[in-house]
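Each remark here refers to the structure printed beneath this line.
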Amino acid sequence: MIEPTIEEALGKQINQEFTAAYNYLGMAAYFDSQSLDGFANWMQIQHDEEVAHGMRLFRYLLDRGGKIELKGIPAPQTEYANPIDVFERALEQEVDNSKSINKLYQQATEANDFATKSHLQWFLDEQVEEEKSIEDIIAMLRLAKDDVSALLFLNDKLGSRVPEQEGGIAASE
Ligand SMILES: [Fe+2]
Ligand SMILES: [Fe+2]
């Protein structure tokens, strides 16, 4: 069985992962509307990864005999000023999510819930990757400034992103 405080915190984290997924989908829609299909591809894969994160926690909570309460997800933003604006918002979201995972880890520590800590280890590592990849894109966008050919080069680069097996739903089984 699982402690009610951890059960509730995991439930909140599930919601946060699916909210992040939906926000990334809004970002994908924005990039598609700007004819930046490579950026849209990157955001769509980001969406899929967040769904996989939500599912990892969903299955874990069920495996521990926890009760799942699925809460609502707010409508995502689909209008942005420019590509940097989108990635700054994405970074903000990932930083918030890292804080949330850290808090959850701390709660699991206080509750002596070693299994939850072990499960969260993967998420701690994943957040480091998430923040780094978005920071790298922001840095490249800053270098590109108003140079359209640099933006299109970046669009091509992000268009070549393919879904990772690790971290996907298949890998969590
Ligand atoms: Fe996530
Ligand atoms: Fe993420």
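The values are calculated or read from the model by the stated rules, or taken from the named source; none is laboratory data. Small disclaimer: the values here were computed from a predicted structure and weren't measured. Positions of Cβ are backbone-derived with ideal geometry, glycine not excepted, and every protein chain shown enters the neighbour counts. Surface areas here come from the heavy atoms of the whole protein model, side chains and all, with no ligands, DNA or RNA. Shrake-Rupley method; radii C 1.70, N 1.55, O 1.52, S 1.80 Å.
For the cross-link pairs 12/117; 12/132; 67/117, which exceed 21 Å when the distance is taken from alpha carbon to alpha carbon?
Exceeds cut-off: 12/132.
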Quick one: Karplus J couplings for the range 74-88, per residue in order, coefficients 6.51, -1.76, 1.60, θ = phi - 60°, nearest Hz, x for Gly and Pro? x, 5, x, 6, 10, 10, 9, 6, 6, x, 4, 4, 5, 6, 5
Quick one: go through the range 93-137 and flag any residue whose amide nitrogen is under 15 Å from the point 7 Å out along the Cα-to-Cβ line of residue 1. none
Simple spin-label model, 7 Å along Cα-to-Cβ: residue 37 to residue 96 in nm? 3.2 nm
Rolling a 1.4 angstrom probe over the protein chains, ignoring ligands and nucleic acids, what is the accessible area of residue 119 in square angstrom, nearest 10? 40 Å²
Mind pulling the angle between the C-alpha long axis of helix 4-33 and the longest principal axis of the chain? Nearest 10 degrees, somewhere in 0 to 90. 10 degrees
For Cα pairs less than 8 Å apart in space and 6+ apart in sequence, what is the mean separation divided by the residue count of the range 1-54, i.e. the relative contact order in percent? 43 percent
For residue 75 and residue 142, extending 7 Å from Cα along the Cα-Cβ vector and measuring point to point gives, in nm, a value of 3.4 nm
Rounded to the nearest 10 degrees, the helix 37-63 long axis (Cα) sits at an angle to the longest Cα principal axis of the chain of 0 degrees
Under 14 Å from the Cα of residue 157 - aspartates and glutamates, other chains or at least 8 residues apart: 37, 136
What whole-number value in Å² describes the accessible area per residue of the chain for a 1.4 Å probe? 55 Å²
Looking at the chain, what % of the alpha carbon pairs are farther apart than 26 Å? 32 percent
Please give the length that would be gained between residue 165 and residue 124 if that part of the chain were fully extended, namely 0.36 nm times their separation in residues minus their C-alpha to C-alpha distance (nm, one decimal). 13.0 nm
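So what is the 222 nm mean residue ellipticity for the chain from helices alone, if each DSSP H run of at least 4 adds -39500 (n - 2.57) and you divide by all residues, rounding to the nearest 500 deg cm²/dmol?
Details: 5 runs with 128 residues, N = 173.
Here the helix-only value at 222 nm equals -26500 deg cm²/dmol.
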Could you grab the relative contact order for the chain? Cα pairs under 8 Å, six or more apart, rounded to a whole percent. 32 percent
